[in-house]
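One structure below.
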Amino acid sequence: MLILLPPSEGKTAPRRGKPLDLAALSSPVLTPARTRLLDALVALCRDDPEQAATVLGLGPAQRDLVARNADLVAAPTARADAIYTGVLYDALDPATLSPAARRRATARLAVTSSLFGIVRPGDRIPAYRLSGDAVLPGVGSVAGVWREALGGAVTDAVRGGLLVDLRSSTYAAFWRPPADLARRVATVRVLHESGGKRSVVSHFNKATKGRLVRALLEDGADPRTPTALADALRRLGWTVEVGDPTPKGTQLDVVVTEV
């Protein structure tokens, strides 16, 4: 099973650590695309901070993130599961997983990254700022770069198992599962039910996905189909409804009434 997570906009910048080594990251097939985006981002932020702030969608109080990007090659790195922060990652809380669950996380989790394509929890990366909808001078759209490069890396990571796709729409645009993989793809939508009505609420969505992933890692379940994943989540106490299979996969609706 491969669980594909979205990144977080917020990141924790390590104070010390070795500089970035692209060749040491997992999925080395992505090194050319990673190098291309890294070089373009660093050059933009180093040579034209004002344009960089516009391209990255940063306000006056966030200009320190431009300077951070300009120094990415020499910046200290840390494990990816210590870099990404936010609601989903707070709920997942990788640092407090049991030893067995941490081993499963290393093998089963991958984070979609605008700069690196996908990274595993143990990959050492710096804190960076680059949105999935950004367009870099000389390179074009970030999503376009990854649409050309990402497919082989993800399918290699999935192998013969189930892909649990938890990406947001922005990062889902980086790579769409091919039709021949659809029967082994599960997407998850979190619905908040209140007063007999259901809606998608960002906070509930992110927090619940983090808790789902944590529960699966601690439990050790390794479902091979979307239906088996739904059964595992029900066993762990979640309310899950299974949609019809489509050429893009099977959607699971997880219904929650409170965070």
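Readers should treat all values here as calculations from the given coordinates under stated rules, not as data from a laboratory. This one's a predicted model, so the numbers in the text were calculated from it and none came from an experiment. Cβ: placed from backbone, ideal geometry, glycine included. Neighbour counts: every protein chain shown.
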For the subset of region 56-103 comprising residues that are part of a helix (DSSP H, G or I) and hydroxyl-bearing (Ser, Thr, Tyr), which member is nearest to the chain's Cα centre (by Cα)? Tyr89
Matching entry among Gly237, Gly243, Gly210 (being surrounded by fewer than 18 Cβ atoms within 10 Å (Cβ to Cβ), out of contact with any Cys (no Cβ under 9 Å at 6 or more places or on another chain) and on the phi < 0 side of the Ramachandran plot): Gly243
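For region 116-180, which fully contained helices (runs of 4 or more DSSP H) count at least 1 residues that are touching a Lys or Arg at 6+ places or on another chain (Cβ under 9 Å)? Break it down stepwise before answering.
Details: elements: 142-149, 151-158, 169-172.
By residue number, 142-149, 151-158.
Residue-wise test of (1) aliphatic (A, V, I, L, M); (2) within 18 Å of Arg108 (Cβ to Cβ).
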| position | (1), (2) |
| --- | --- |
| Ala186 | yes, yes |
| His203 | no, no |
| Leu212 | yes, yes |
| Asp222 | no, yes |
| Leu229 | yes, yes |
| Leu233 | yes, yes |
Asp133 - would you say it is under 30 Å from Leu56 (Cα atoms), surrounded by fewer than 16 Cβ atoms within 10 Å (Cβ to Cβ), touching a residue at least 12 places away in the same chain (Cβ under 8 Å) and not polar (S, T, N, Q)? yes
I'd like to verify a number: residues in region 191-237 that are touching a Lys or Arg at 6+ places or on another chain (Cβ under 9 Å), part of a loop (DSSP other than H, G, I, E, B) and without any contact (Cβ under 8 Å) to a residue 40 or more places away in the chain, how many? 2
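Does Thr112 fit the bill of being hydroxyl-bearing (Ser, Thr, Tyr) and part of a helix (DSSP H, G or I)? So that I can check it myself, show each step before the final result.
Details: hydroxyl-bearing (Ser, Thr, Tyr): yes; part of a helix (DSSP H, G or I): no.
For Thr112, the condition - hydroxyl-bearing (Ser, Thr, Tyr) and part of a helix (DSSP H, G or I) - is not met.
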